[in-house]
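Okay, structure first, notes after.
The values are calculated or read from the model by the stated rules, or taken from the named source; none is laboratory data. What you see is a predicted model, and the numbers here were worked out from it, not measured in a lab. Cβ: placed from backbone, ideal geometry, glycine included. Neighbour counts: every protein chain shown.
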Amino acid sequence: MQERENDYMRETDGWEPSDSILQKKICRMVEDTYPYLKNFPKAERHDLTAEIKRLQYSMVELTVEVDNHHRKTALEKLDTQNKQLKKLVRLAFRLRFLAPKSYERWSALLKEIGQIIGGRINEKAR
């Protein structure tokens, strides 16, 4: 049984065929950046870390809404949350909770996600 699940994960990379690129990117960001949050000071785990996690999970939820209902308002909310997350990640870096390489990687992911969201918003405007 376990072997069958591992084969599925290797074949599909863990994604459903119906998942959008945006959804995959955001989920990948959550997976890739989760270890960074474990290195935050204990005092921040219930504040800044919790807020970053909340925003990331909310972004995952919004991608489902965007993909299923194609709502421009959901895209705009997703864009706002991406910008909020960028600000919190920058703050974490300035407070020295993130190493420079971690910050660069996370910022690059957020920028890429922002470009995809912007493209989808422009596509809806037409």
Among the residues of segment 8-24, is there at least one that is part of a helix (DSSP H, G or I), modelled with pLDDT of 60 or more, surrounded by 10 or more Cβ atoms within 10 Å (Cβ to Cβ) and of a type outside the set (A, V, I, L, M)? yes
Looking only at segment 51-74, and only at residues there that are within 14 Å of the chain's Cα centre (by Cα) and among the aliphatic types (A, V, I, L, M), the one that is farthest from Lys101 (Cα to Cα): Val64
Are any of the residues in segment 93-106 in a helix (DSSP H, G or I), modelled with pLDDT of 95 or more, surrounded by 15 or more Cβ atoms within 10 Å (Cβ to Cβ) and more than 16 Å from the chain's Cα centre (by Cα)? yes
Only listed residue being polar (S, T, N, Q), closer than 14 Å to Tyr36 by Cα and assigned to a helix (DSSP H, G or I), chosen from Gln81, Gln56: Gln56
I'd like the full set of residues that are surrounded by 16 or more Cβ atoms within 10 Å (Cβ to Cβ) and among the basic types (Lys, Arg), limited to segment 58-91. Lys77, Lys86
Please count how many residues of segment 28-50 are acidic (Asp, Glu), in contact (Cβ under 8 Å) with a residue 12 or more places away in the chain and under 19 Å from Arg96 (Cβ atoms). 1
